[in-house]
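These notes are about the structure you will find just below.
The values are calculated or read from the model by the stated rules, or taken from the named source; none is laboratory data. Here the structure is a predicted model, which means the values were calculated and not measured. Quick reminder, even Gly has a Cβ in these numbers, built from the backbone with ideal geometry, and neighbours come from all protein chains shown. Just the protein is used for accessible areas: all its heavy atoms, side chains included, with ligands, DNA and RNA removed. Shrake-Rupley method; radii C 1.70, N 1.55, O 1.52, S 1.80 Å.
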Amino acid sequence: MSTRRKVSLITLGCARNEVDSEELAARMEDAGWDLAEGADGADVVVVNTCGFIEAAKKDSVDTLLAAHDSGAKVVAAGCMAERYGKELAEALPEADAVIGFDDYAGIGERLDDVLAGRRRDAHTPRDRRTLLPISPVERSAARAAVPGHGDELPDGVAPASGPRVLRRRLGGGPVAPLKLASGCDRRCTFCAIPAFRGAYVSRPPAEVLEEARWLAGHGVRELVLVSENSTSYGKDLGDLRALEKLLPGLAAVDGIERVRVSYLQPAETRPGLIEAICGTPGVAPYFDMSFQHASGPVLRSMRRFGDRERFLGLLDQIRGLAPEAGVRSNFIVGFPGESEDDFAELVEFLAAARLDAVGVFGYSDEEGTEAADLAGKLDPAEVAARVEELTSLAEELTAQRAEDRVGSEVHVLLEDKTEEGGVEGRAAHQAPEVDGTVLVRGAGLALGEIVAARVTGSEGVDLIADVS
């Protein structure tokens, strides 16, 4: 009797990678591999890498080397492997295989090769945007490997029996990401993601709804909708209002109590979408807005749209419909050509925006991007100083925003027990991992339920609340 083969899967990076890993896990189990909890005892370790910024790439390499030290065979998958292919394989001989997105459908065979010592040449990277038509509405008839989108027939339609959920949950808990789409058609000068993730491809609504029902059946109570750009959902399906139409259906799935939308582009955030997010029961009034900056000249250099006045107007629209809505954003400081006046404009915006959570990143050149060749690079010491100044301001302002919520009622999804005997969770204005949390005090609290609680205090961005 043969011994079952074991594979360990390590996921780095964003929630989109988590979905891709859970698809890989399902494919590996279909191919006869057992999922191991850690590298110990595993025949093969697959590392789903992140290739977005330098720190993430270093973390990916360190994880691959640590997996090699465990004695198992090592496979590099994910964004870094797709982006660099042969270059990564040559630079990292400790990896027994470097696979791209096109290999995911045949992952079982690739693992068989690795275990048997059969080496295959890693792929030569290519711009994945060229694999699909330029016109979004022509993409449904085309064919390209898109991680996290499950199985389709060769003509790109779902099986007659209905969409198949190709996913295996790797973690527990009442929250799970649900992928709306993959790829991006925007051309931000600082971002390399579209080149290795490809053109924008929406998942059909029926497929998204079926996966939502499947997740609900596996104990999920909150769905976090993820993509590179959720505001573009449906444009390749011929319906720019597809997300507004999809949200009520997702919120109505039996067992799902909260739906959260992430990765919104300010320039594409339509009034109808704001109304749907703020006014649909079961949808969190939460806006993960990718502002990146607030100076018009800097944003144009980034090949983005907007400025301080427009962004504040957008926030006014949101809060006019949902005064307690949560808003978070990330900002790039020290972009080439950013003047002191540009930075002051960003500071002024942040002071007026009343955001709940803020991420601040110092600009650094990313190979393959237009920004890497722009003139006007700032001294790294100046970039670091601006990062420190804006981070300090952001911490002060978000702490004040949390304090402003004292006395209000919040609805908290209970997720973890604390050592002190309380229960920690998240309110509607708090997304998993990236935002603050709520410590809930009260009797009879059960993990996985949503409870109403009165905010009694705050610590930084975190809240303390008693069950109402």
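Before I look further, what does the chain give for accessible area per residue, probe 1.4 Å, in whole square angstrom?
Values: 20090 Å² over 468 residues.
Dividing the accessible area of the chain by its residue count gives 43 Å².
Long-range amide H contacts for PHE331: which residues qualify at under 5 Å (H placed 1.01 Å from N, peptide plane, sequence gap of 5 or more or a different chain)?
Result for PHE331 returns GLY359, VAL360, PHE361.
Which pairs break 22 Å Cα to Cα here: LYS179/LYS245; LYS6/LYS417; LYS58/LYS179? Display every interim value, and only then the final one.
Working: LYS179/LYS245 16 Å; LYS6/LYS417 32 Å; LYS58/LYS179 26 Å.
Check vs 22 Å cut-off fails for LYS6/LYS417; LYS58/LYS179.
How big is D for the chain, in µm² s⁻¹ as a whole number, if Stokes-Einstein is applied with the Kirkwood radius of its Cα pairs at 20 °C and 1.002 mPa s?
Reported coefficient: 91 µm²/s.
Under the rule of at least 5 residues apart or a separate chain, name every residue whose amide H is placed under 5 Å from the amide H of VAL423.
THR418, VAL440
Counting only helical runs of four or more DSSP H residues, what would the 222 nm mean residue ellipticity of the chain come to if each run contributes -39,500 (n - 2.57) and the total is spread over all its residues?
Rounded to the nearest 500, it is -10000 deg cm²/dmol.
Please state the shape class of the range 340-383: rounded when a/c is under 1.5, otherwise prolate if a/b exceeds b/c and oblate if not, all from the C-alpha gyration tensor.
In terms of gyration-tensor shape, prolate.
Relative to the Cα centre, what is the charge dipole magnitude of the range 293-388, using +1 at the beta carbon of each Lys and Arg, -1 at the beta carbon of each Asp and Glu, and rounding to the nearest 20 debye?
Details: 10 positive and 19 negative charges, 95 e Å.
Approximately 460 debye in magnitude.
Taking only Cα atoms of the range 55-121, what ratio of Rg to Rh do you get with Rh as the Kirkwood inverse-distance radius?
A ratio of 0.93.
Treat each spin label as a single point 7 Å out from the Cα along the C-beta direction, and report the GLU275 to GLU420 distance in nm.
4.4 nm
Along each of its three principal axes, how wide is the spread of alpha-carbon positions in the range 369-468, in whole angstrom units, largest first?
Between the extreme Cα coordinates on each principal axis of the range 369-468 lie 60, 26, 23 Å.
Determine the share of the range 163-216's accessible area contributed by carbon and sulfur atoms, expressed in whole percent, with a 1.4 angstrom probe.
Roughly 56 percent of what the probe reaches on the range 163-216 is carbon or sulfur.
When every alpha-carbon pair in the range 230-297 is counted, what percent end up more than 13 Å apart?
65 percent
Calculate, axis by axis, the spread of Cα positions in the range 19-106 along the three principal axes, and write the results as whole Å, longest axis first.
Here the spans come out as 34, 27, 20 Å, largest first.
Please list the three semi-axes, largest first and in whole Å, of the ellipsoid equivalent to the range 227-353, using sqrt of 5 times the eigenvalues of its alpha carbon gyration tensor.
The answer is 29, 16, 11 Å, longest axis first.
Projected onto the charge dipole of the chain (+1 at Lys/Arg Cβ, -1 at Asp/Glu Cβ, origin at the Cα centre), which of SER408, HIS293, LEU247 gives the Cα projection farthest towards the positive end?
LEU247
Quick one: putting +1 on the C-beta of Lys and Arg, -1 on the C-beta of Asp and Glu, what dipole do you get for the chain around its Cα centre, in Debye to the nearest 20?
Dipole about the Cα centre, nearest 20: 1440 debye.
How big is the dipole moment of the range 28-178 about its Cα centre under a simple scheme where the beta carbon of each Lys and Arg is +1, that of each Asp and Glu is -1, and everything else is neutral? Debye, nearest 20, please.
520 debye
Check which residues have an amide H placed less than 5 Å from LYS179's amide H, if you skip close sequence neighbours.
Under 5 Å from the amide H of LYS179: VAL226.
Under a no-solvent Debye model with one identical scatterer per Cα of the range 160-216, what's log10 I(q)/I(0) at q = 0.15, 0.20, 0.21 Å⁻¹?
The computed values of log10 I(q)/I(0) come out as -0.60, -0.85, -0.88.
Which ³J(HN,Hα) values, rounded to whole Hz and listed in residue order, are derived for the range 24-36 from phi using the Karplus coefficients 6.51, -1.76 and 1.60 in 6.51 cos²θ - 1.76 cosθ + 1.60 with θ = phi - 60°, glycine and proline given as x?
My calculation for the range 24-36 gives 4, 4, 5, 5, 5, 5, 4, 8, x, 9, 8, 7, 9 Hz in order.
What Cys residues in the chain have no fellow cysteine's beta-carbon under 4.7 angstrom?
When partners are defined as cysteine Cβ atoms under 4.7 Å apart, the chain leaves CYS14, CYS50, CYS79, CYS184, CYS278 without one.
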